[in-house]
């Protein structure tokens, strides 16, 4: 089980690094916002994996907080983007 969790965590880290390329070279702000949502989703998944691997419930709490904050960033972005002329 430990090897499986390590492989999945490595895959999630690869996804985060590939998203970082889009943040740097993203042509529009919407592309960057989608990558921010990807970071939130991948971060939650990584925290949950670490929680299972290390058997620490505090990491699940951190994952829950991150999962609750991620939609707020999207709502803020859409609100600010719709106000532009």
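Just so it is clear, none of the values below were taken in a lab; they were calculated from the coordinates. Just so it is clear, the model here is predicted, and its values are computed rather than measured. Every residue, glycine among them, receives a Cβ derived from its backbone with ideal geometry; neighbour counts consider all protein chains shown.
Protection proxy ranking for 47-57, 33-43, using the average of other Cβ atoms within 10 Å per residue and placing the highest first: 33-43, 47-57.
The angle between the Cα long axis of helix 57-82 and the longest principal axis of the Cα atoms of the chain comes to about 10 degrees, rounded to the nearest 10. Each of residue 66 and residue 3 was given a label point 7 Å from its Cα along the Cα-to-Cβ line. The distance between the two points is 2.6 nm.
Write down the Kirkwood hydrodynamic radius of the stretch 2-82, to one decimal in angstroms, obtained as one divided by the mean of 1/r over all alpha carbon pairs.
Working: mean 1/r = 0.0734 Å⁻¹.
Taking every pair of different Cα atoms in the stretch 2-82, averaging 1/r and inverting gives 13.6 Å.
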